[in-house]
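Below: one structure, written as structure tokens.
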Amino acid sequence: MGKEMMYADAIAAAIIEEMQRDPNVVFYGQNMAMTERDPMLKKFGKERVRIAPISETAEIGIGIGAAMTGLRPIVELWMSEFMLVAFDQVINEAPRLRYMSGGQVSVPLVLKAGYGFCAGWAGQHSNCIYHTMMGIPGLKVVVPSTPADAKGLMVAAIRDDNPVVYLHSYMLTLEKGEVPEGEYVVPLGVADIKRNGTDVTIVAIGWMVKKALAAAERLAEEGISAGVVDPRTLAPLDVATIVDSVKKTGRVVLVDQAPRHSSAAAVIAGEIAEHAVGCVNALRMVTALDAPIPYSEPLENYVVPHEDKIVEAVKAVMAHDAVAA
Amino acid sequence: MPQKTAKKSAPRKAKTDTNQLRWMYTQMVRIREFEETVKRVFIEHPGVIRGHSHLGDGAEASIVGALYTRHDTDFVMPSYRCHGYPIVLGTPLRNMMAEIFGRRDGLCHGFGGSMHLADPARYFPGTSGIIGQSIAHATGAALTAQVKKSSQIVYCFFGDGASKQGAFFESLNMAAVWKLPIVYILENNQYQAYTHFSLEDANAVAGDPLSKKAEAFSIPGATVDGTDPEAVRKVVAKAADRARAGDGPSLVETKFYRLSAHGNVITVPPLPTQFPEHEAVAVYGNRKEFEQWHAKDPVKRFRARLLKDRVLTEASAKQIEAAARAEVEDAVQFALTSPLPAPEEALQYVYA
Ligand SMILES: Cc1ncc(C[n+]2csc(CCOP(=O)(O)OP(=O)(O)O)c2C)c(N)n1
Ligand SMILES: [Mg+2]
């Protein structure tokens, strides 16, 4: 049995449960735990829950150092782009230290940030930068699309002995869904089939899963059976589940909120090309257009992928015969 | 469209005479009227302003006092809380409001919004929404001025919160080493979003002013009452003189109070958004602090002083205020009727 929960609350619940379970988990970031009335501060005390200044390099770097020496920090970064200020720490420090030490050191760190807030936040607060991180060996990247996944993946991220970038979609913040009660872990690196379909496979990420499901619903009314696969984590990437589904349908549409060449979709397309060669007759990518996110609404709507574009892409691949598997 | 010529905006004399005090008051009132109007738009025209808008009410004396010392071609580079500065530089309020409304006649044609106003023709090259980074950009503008021997200086404004960012420390060090012509104005409005500065600043924790950071770079540092435009003017004038003389940067902390909340409520569309209560009350339950600082409202205080000193009469003050109201109302009407950009325009401006 589950409990109806909001996406944001599911993430918070996971953090609370893990902090209760493991005294080494600490949690800090900007604009949190400001007063003694703060519920997290009340629960866990000011040793473990802290407010940080606007100092991303130190916030993340301190997290790495603490993780190397016995803590399991969660750093609240609010928006994924704020990590860019400290990209050395994210890309060139956290994921490399274990390897360079010949496996002696580990960095159990969670960098929590929202991404892709398409609500008029303009060029520096609305982008998707996961592609930059998903190919960095040693770094894990999580992109939950439902409250249940949000909770289970956060638990897994905290328990993981590697640095994990946990990216929640700001557009899904208030989304409600069933979350299993009690301890609930979603392993990193396991994709989820969000909808079964026999004609075409849609692989969608984060907020785009919701849009892909809505598109699949519309397509079903027109007699097209579209399945939706959600990778849930971009690193590790569950290539097998994706390829498996694609092999069955022979047609694939990849939906990603990031611009085409900095999308996870482009990486997944490469995997499909290699592993499902001969089984796929048609592939389309529905991504953001190649521009930063503009401020004004009609411009933003134009740049970011939406349901109609997914429906259109599915119809385009349906024009091709499926190759018999 | 904004005019492409720089308007003479800040007459400069050693002593403030009546006209100049009036000029200061006028600019302060224009900023206040603009910000209060933006805030009202959230209620009167819901949905017209998207994203996150941040107001400069409370900062008027800091902005106007500092920019009073500006010469015509000096650069002005503030943070993302950027409405007040171009108002003083003479940027048409119509195009500013249209930008905030995301319209085609906006300063940036609807691509930037409230956080990213830019008017390079008026020496306002643009702003960043990533805290602290524009301190480095402003330092770069000072490098341009130095290399080109243009005798320009840079007015770099940023928040108390930004002064904890690496870019702050790195930029001030380089500016000091290279003796760049720049004045760093740390606008301590006492809050970094929802965080009171005493919770996150090492100088504040030790009971020192934030301008003490200047000592780390061996440059002059001063803290001034940022609710008093003349006090700000005096301190910034010294720092500007030093920059113009080629002696390098200074750090001036203007201490005042952000009078409104950090920004409008953050919501996922289509939920409506408007300005919440100030954090002092909403987060800290400290109504007393909020009221004490509202009693020091820089616009009201300066008005009272100018009336007392007979620089203004009640009638002339009201005239200035009515003119500002009319100017801002005109800007709102202009912005409301300006068209939204066409979707396909979105792919412009990506590359030069
Ligand atoms: C690098 C970075 N981290 C965090 C944020 C989120 N943020 C936006 S405004 C703000 C507070 C800035 O405070 P301050 O510098 O004092 O300027 P003020 O808002 O008071 O004008 C924060 C933390 C950001 N925009 N950029
Ligand atoms: Mg501040």
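The values are calculated or read from the model by the stated rules, or taken from the named source; none is laboratory data. Note that the structure is a prediction, hence the values are computed from the model and not measured. Here the Cβ is made from the backbone with ideal geometry for all residues, glycine too, and neighbour counts use every protein chain on show. Areas reflect the complete protein model, heavy atoms only, side chains present, ligands, DNA and RNA absent. Shrake-Rupley method; radii C 1.70, N 1.55, O 1.52, S 1.80 Å.
Taking a ≥ b ≥ c as the square roots of the eigenvalues of the alpha carbon gyration tensor, region A:192-318 is oblate, as a/c is not under 1.5 and a/b does not beat b/c.
Averaged per residue, what accessible surface does the protein assembly as shown expose to a 1.4 Å probe, in Å²? Working shown, then result.
Details: 26210 Å² over 677 residues.
I get 39 Å² per residue for the protein assembly as shown.
Which entries of B:K149/B:K234; B:K212/B:K288; B:K39/B:K213; B:K179/B:K238 have Cα-Cα distances beyond 23 Å here? Pairs exceeding 23 Å: B:K149/B:K234; B:K212/B:K288; B:K39/B:K213. Let a ≥ b ≥ c be the square roots of the eigenvalues of the Cα gyration tensor of chain A; is it rounded (a/c under 1.5), or, if not, prolate (a/b larger than b/c) or oblate? Judged from the Cα gyration tensor, chain A comes out prolate (a/c at least 1.5, a/b above b/c). Screening chain B for DSSP H helices whose Cα atoms reach 27 Å or more along their own axis and whose mean Kyte hydropathy is at least -1.0 gives B:18-44, B:314-337. When only the Cβ of Lys, Arg, Asp and Glu is charged (+1, +1, -1, -1), the dipole of region A:192-318 relative to its Cα centre reaches about 200 debye.
Excluding ligands, DNA and RNA, what is the accessible area buried between chains A and B, summed over both sides, using a 1.4 Å probe, to the nearest 100 Å²?
Working: alone 14040 and 15470 Å², together 26210 Å².
Interface area, both chains combined: 3300 Å², rounded to the nearest 100.
Averaged over the residues of peptide A:23-35, the number of Cβ atoms from other protein chains lying within 10 Å of each residue's Cβ is 3.
How about region A:153-242: which GluC sites (Glu not before Pro) there lie in a loop by DSSP and see at most 12 other Cβ atoms within 10 Å? List each step's numbers first, then the result.
Working: sites: A:E175, A:E178, A:E181, A:E183, A:E217, A:E221, A:E222; in loops: A:E175, A:E181, A:E183, A:E222.
Listed in order of number, the matching sites are A:E181, A:E183, A:E222.
What separates the Cα centres of region A:224-269 and region A:143-207 is a distance of 15 Å. Computed with every protein chain present, the accessible area of B:Y123 is close to 50 Å² [probe 1.4 Å].
Looking at region A:192-318 alone, DSSP beta bridges between its own residues are antiparallel in about 20 percent of cases. Between the Cα long axis of helix A:239-249 and the first principal axis of chain A there is an angle of about 20°, rounded to the nearest 10. Remark on the protein assembly as shown: hydrodynamic radius 26.7 angstrom, per the Kirkwood mean of 1/r across alpha carbon pairs.
Cross-link reach is defined here as a Cα-Cα straight distance under 29 Å, omitting same-chain residues fewer than 8 places apart; for A:K309 the lysines meeting it are A:K176, A:K194, A:K210, A:K211, A:K247, A:K248.
Of all DSSP beta bridges located in region B:18-336, what percent are antiparallel, nearest 5? Numbers along the way, then the final one.
Numbers: 3 of 23 bridges.
The antiparallel fraction comes to roughly 15 percent.
Helix A:264-275 and the longest principal axis of the C-alpha atoms of chain A enclose an angle of approximately 60°. Once a ≥ b ≥ c are taken as the square roots of the eigenvalues of the Cα gyration tensor of region A:2-180, is the result rounded (a/c under 1.5), prolate (a/b larger than b/c) or oblate (a/b not larger than b/c)? It is rounded, given that a/c, with a ≥ b ≥ c, falls under 1.5.
I'd like the trypsin sites (Lys or Arg not before Pro) in region B:123-227 restricted to DSSP loop residues with at most 14 other Cβ atoms within 10 Å, sorted by number. Before the final figure, lay out the partial values.
Details: sites: B:K148, B:K149, B:K164, B:K179, B:K212, B:K213; in loops: B:K148, B:K149, B:K179.
Listed in order of number, the matching sites are B:K148, B:K149.
Angle of helix A:147-159 to the longest C-alpha principal axis of chain A, folded into 0 to 90 degrees and rounded to 10: 50°.
Considering only DSSP beta bridges whose two residues both sit in chain A, what percent are antiparallel, to the nearest 5?
Values: 10 of 46 bridges.
The answer is about 20 percent antiparallel.
Once all protein chains are placed together, B:E170 keeps about 120 Å² accessible to a 1.4 angstrom probe. Here the alpha carbons of chain B define both size measures, Rg and Dmax, at 19.4, 57 Å.
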